[in-house]
Amino acid sequence: MKRWLLPLLFVALPAAAQPTNTVTYNFTNPPLWDLSGPYQRSGEVSFFTGSSTTVLTQSVTGAVSGTFADNDTNTLVGQGVSESGTVTGNVAGTNGTAQITVQWSWLDDGEYEGKAYTVSDHMSVSGSVSAASPELALTFKAHVCFQSAAFREFNGCTNVHGSWNASLATNMTGHWSLQLTNLTDADNILSGSAVLTLSNGRALEYSVTGRYHPSSATQSATLTLTGTGDATGTHLNLTTTGPQLELKTLAGHVLGQKLRFTSSE
């Protein structure tokens, strides 16, 4: 009986394309807001008329701190007064809308014609901003008390409220970008770095880890971005397809705001 020896055929399969080491994503939706900056108010609030400047700083986790300074005239006694103090609050948001709430209190001891008076004020301010309304729409409630042995007719407390619109800091449009760089692929384990840049130029840095799936039908990748330095406490999770890391989904929490993105393609 004859035996036939069949040659073994080896077919070289094409190697899967390696993922790119740099990619940039640009976002207008969802917007990301940094409400840091100076805000001006003018007009009359209870016993005072004049102007005030509040300077806010928003942390990456949404906490707000700042200072305020008023240059007012006490309309009861016709006396110019200046007050200053600190501001605390927070920013929280989802679906592209950011809500801000801040509070401050101050106590003013003054004299008019040699006679002492005291004014105390506690004010709560809240507002919101969105892509549809890219201006901070603010409302305030204040509890103001006047006390003086010399001006007893003015003694007492009153509640006042009002609203005003405040322009955002220069170049704050809500647009932002995310750039992944120095991506390396070691046995389909990805690592690298990333920078999230806001429209006002504020930059937040991240470390990148993830996994690439070259054998999947879409050559998908899952990436985790963890905030470092000033961005500590924030994170982003991405899914991509193809060696160019085309973005499919993004989810995370930055500057007190929940971010969600899903590609329509």
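I'd like to know if the stretch 132-139 contains one or more residues that are farther than 25 Å from Gly256 by Cα and part of a strand (DSSP E or B). Working first, answer last.
Within the stretch 132-139, the first condition is being farther than 25 Å from Gly256 by Cα, and the residues that meet it are none.
No, the stretch 132-139 contains no residue that is farther than 25 Å from Gly256 by Cα and part of a strand (DSSP E or B).
Can you pull out the residues in the stretch 153-177 that are over 19 Å from Gly93 (Cβ atoms), in contact with a Leu (Cβ under 7 Å, 6 or more places away or on another chain) and of a type outside the set (Phe, Trp, Tyr)?
Ser163 - this is the single residue of the stretch 153-177 that is over 19 Å from Gly93 (Cβ atoms), in contact with a Leu (Cβ under 7 Å, 6 or more places away or on another chain) and of a type outside the set (Phe, Trp, Tyr).
Quick check on this structure: which one of Leu223, Leu198 is farther than 30 Å from Pro38 by Cβ, at pLDDT 95 or above and hydrophobic (A, V, I, L, M, F, W, C)? Let's see the steps before the verdict.
Details: Leu198 fails: farther than 30 Å from Pro38 by Cβ.
On inspection, the qualifying residue turns out to be Leu223.
From Ala132, Ala166, Ala142, which residue is surrounded by fewer than 16 Cβ atoms within 10 Å (Cβ to Cβ) and either at negative phi or out of contact with any helix residue (DSSP H, G or I) (no Cβ under 6 Å at 6 or more places or on another chain) (or both)? So that I can check it myself, show each step before the final result.
Working: Ala166 fails: surrounded by fewer than 16 Cβ atoms within 10 Å (Cβ to Cβ); Ala142 fails: surrounded by fewer than 16 Cβ atoms within 10 Å (Cβ to Cβ).
Step by step, each of Ala132, Ala166, Ala142 is checked, and only Ala132 is surrounded by fewer than 16 Cβ atoms within 10 Å (Cβ to Cβ) and either at negative phi or out of contact with any helix residue (DSSP H, G or I) (no Cβ under 6 Å at 6 or more places or on another chain) (or both).
Select from the stretch 145-163 the residues that are touching a residue at least 60 places away in the same chain (Cβ under 8 Å) and surrounded by 14 or more Cβ atoms within 10 Å (Cβ to Cβ) and list them in ascending order.
Correct list: Phe146, Phe151, Phe154, Val160, Gly162.
Any residue at all in the stretch 98-106 that's surrounded by fewer than 16 Cβ atoms within 10 Å (Cβ to Cβ) and either touching a residue at least 40 places away in the same chain (Cβ under 8 Å) or of a type in the set (Gly, Ala, Ser) (or both)?
yes
Given the stretch 196-265, what strands (runs of 3 or more DSSP E) lie entirely inside it while holding 1 or more residues that are among the basic types (Lys, Arg)? Don't jump to the end; show me each part of the working.
Values: elements: 203-212, 221-228, 235-241, 246-254, 257-262.
The strands (runs of 3 or more DSSP E) meeting that bar are 203-212, 246-254, 257-262.
The values are calculated or read from the model by the stated rules, or taken from the named source; none is laboratory data. Owing to the predicted nature of the structure, the values given are computational and were not obtained by experimental measurement. Here the Cβ is made from the backbone with ideal geometry for all residues, glycine too, and neighbour counts use every protein chain on show.
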